[in-house]
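Note sheet for the following structure.
The values are calculated or read from the model by the stated rules, or taken from the named source; none is laboratory data. Note that the structure is predicted; figures quoted are calculated from it, not measured. All Cβ positions, even for glycine, are placed from backbone atoms using ideal geometry, and neighbour counts span all protein chains on display.
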């Protein structure tokens, strides 16, 4: 190499480094006119002859960079760097920004390696990152009502906190999956990469469905509460009807036992002739004596009544109870129709049942039950084709599905790009490092030849 091309010319600006510590490097600008006092400023150059000792004072990597900058063979590299403009030192992120970057956002630089990075790889990574962030934002908003109402029974404050934490965990997991799909190129294994991609797709499908359910829950909470009230009222009405049937069918153990004794005694009585002394005693046991046949039995205690008289009283009581139950059931039907709102009807007609399920404000006490109602409501309407009833949830669901589908496909396509794979190529990285080492050795050799 012709070392004369690096010799300083008259009045030419050269670089002197006052400290070997990169953070404390001061470069001084001076003149060949020795009468002028040098003005010391950081990162400025001086007009002074460069010596091998100056080079030795530079850190190795700085010296190598300076040598490459002045070597004509690498002028095209210098030109590429010049196009980037001035690189300003980055300021350290505060805690809030670190949380946003580490847990909420997809960072473009995490999608490619450092072995060989083209402008297209870098620009495409920004596009992929933005699409993923947009998809995650839609799912974040759509999933939030689901998480909030699922834990609302713990209190609004705790529900809000858990909602944020769960969304951050899901975002982090989703971003990590997207990143791992690209970093899998480092040690490329198609099955592993396909497994990661499948996990990403499944996660996005679940989030999309949850978004639809979450919007249904947020937008239709009062209606869902009425649906639950209707379910409870229907169950109570069935119970009332079953109680009415019990009185009608007379299946109580006492009634069955007395009826069997009466029928058995009557059958035996019919089989005996009137001349049989047993006939009279059995008749008195079943119906009372002949002298008592005109007696008013209503005030006689049950245990003192003849067997068949007990059966008659039980039948009368059952009939009265059945009539009362039927009248009560009919009154409930009329009241329900008049009120026109099952929640209010439940509060007025079955206050104990109402208090066990609802708050005084008319909200469901069980938040998980509300989520279950929203899930059933949304999926039932969706599969029954009642799309008009879930217009807003379906709109958010479609938005989420489309954004998730696009982000998944573009993530896979980006990871399969040949230049993206090159950015993770360890062999290429080793070749690059060997090239830099070779340039360093050339610098050392040139320096030794000049000594």
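Worth pointing out:
- Every condition in (1) over 25 Å from the mean Cα position of the chain (by Cα); (2) surrounded by 15 or more Cβ atoms within 10 Å (Cβ to Cβ); (3) at pLDDT below 90; (4) in a helix (DSSP H, G or I) is met by residue 245 except one, and the failing one is (2).
A quick yes/no check of all residues on (1) surrounded by 15 or more Cβ atoms within 10 Å (Cβ to Cβ); (2) modelled with pLDDT under 85; (3) closer than 30 Å to residue 362 by Cα:
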site: 276; (1), (2), (3): no, yes, no
site: 296; (1), (2), (3): no, yes, no
site: 309; (1), (2), (3): yes, no, no
site: 318; (1), (2), (3): yes, yes, no
site: 324; (1), (2), (3): no, no, no
site: 332; (1), (2), (3): yes, no, yes
site: 347; (1), (2), (3): yes, no, yes
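- For residue 347: the one exception among (1) touching a helix residue (DSSP H, G or I) at 6+ places or on another chain (Cβ under 7 Å); (2) under 29 Å from residue 176 (Cβ atoms): (2)
- Residue 291 being surrounded by fewer than 16 Cβ atoms within 10 Å (Cβ to Cβ), modelled with pLDDT under 80, part of a helix (DSSP H, G or I) and out of contact with any strand residue (DSSP E or B) (no Cβ under 6 Å at 6 or more places or on another chain): yes
- Scanning region 391-408 for residues that are over 14 Å from residue 208 (Cβ atoms) and in contact (Cβ under 8 Å) with a residue 60 or more places away in the chain yields a single hit, 392.
- Residue satisfying all of: in region 350-375; in a loop (DSSP other than H, G, I, E, B) and touching a residue at least 24 places away in the same chain (Cβ under 8 Å); nearest to residue 336 (Cα to Cα) among these: 350
- Close pairs (7 angstrom Cβ cut-off, 6 or more residues apart or separate chains): closer than 19 Å to residue 106 by Cα and assigned by TED's automatic domain parsing to the domain that holds residue 413 in region 188-214, at pLDDT below 80 and not in a helix (DSSP H, G or I) anywhere: 193/184; 196/184
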